[in-house]
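This report refers to the structure that appears directly beneath it.
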Ligand code: DX5
Ligand code: ZN
């Protein structure tokens, strides 16, 4: 299917003093999703932004809201994020003791359920819950900061995941998060990726609209 590979600009790299402008830019672009990074300063060594900011984003965003929780004990906030407009809610494998229960709770709250894997976490750990996961976010940098370099081992992980998804007849999407640029977008999709998150590469470029369009074309050609 053409144009079925998705681009998700990461708002972490937006200009927070001009947030509405940047949200409208994404609304009018070829992007598919808004990627929203929530960090608690405990699971990752950084704090991003929280509920009031997401609430403000949700008032203007006209596309799917993909929330990536980099927080400990995410179960506490599942209903809060549903109320704030999250369409996809992704928790970290490393932050969940009862992942299966967490996934069911996310779906019961009306959202798609995602699981993110740190670079050191082996994809095989998801084998027994793959049927319950709508999206797997493969971290291609260590979570916590934008603007880091892409970890090359990601291609291998994506290939392994794709094989597992096909073997299990699951419909899970594979998302790549961190260091995505025009240099790796096409290769990532070839390896099996469905959603590409891009923060710095989009928002720090001279022309974010055309950068998004370039990524969309690279992912779909
Ligand atoms: C990192 C975040 C990413 C980040 C990506 O912890 O999860 O979503 O915003 O930023 P870039 O594209 O700049 O690597
Ligand atoms: Zn993210």
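Rule-based calculations on the coordinates, nothing more; no lab input. Computed from a prediction, not measured in an experiment: that's the story for all the values here. Every residue, glycine as well, gets a Cβ built from its backbone with ideal geometry; the counts of neighbours run over all protein chains shown.
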Packing-based ranking, highest mean first, of 189-200, 102-113 given that Cβ atoms within 10 Å are counted = 189-200, 102-113
Please give the length that would be gained between residue 166 and residue 59 if that part of the chain were fully extended, namely 0.36 nm times their separation in residues minus their C-alpha to C-alpha distance (nm, one decimal).
-> 34.8 nm
Computed Rg/Rh for the chain (Cα atoms; Rh = Kirkwood radius) stands at 0.93
Most packed first (mean Cβ within 10 Å per residue), the peptides 129-141, 166-178 order as 129-141, 166-178
Efficiency of FRET between residue 47 and residue 131 - r from beta-carbon atoms, R0 35 angstrom, step 0.05 = 0.55
Kirkwood Rh in Å, taken over the stretch 81-135 so that all alpha-carbon pairs contribute = 11.4
Could you tell me whether the stretch 1-127 comes out rounded, prolate or oblate from its Cα gyration tensor? Rule is a ≥ b ≥ c as square roots of the eigenvalues, rounded for a/c under 1.5, then prolate if a/b exceeds b/c, otherwise oblate.
-> prolate
If you average the sequence gap of Cα pairs under 8 Å that are 6 or more apart and divide by the length of the stretch 154-221, what percent do you get for the contact order?
-> 33
For the stretch 67-221 the mean separation of alpha carbon contacts under 8 Å (6+ apart) over residue count, i.e. relative contact order in percent, is 17
Connecting every pair of Cα atoms under 10 Å apart in the chain and solving the GNM, the largest mean-square fluctuation among 18, 142, 118 falls on 18
P(r) histogram, all alpha-carbon pairs of the stretch 145-221 included - 10 Å bins from 0, percent | 19, 48, 26, 6, 0
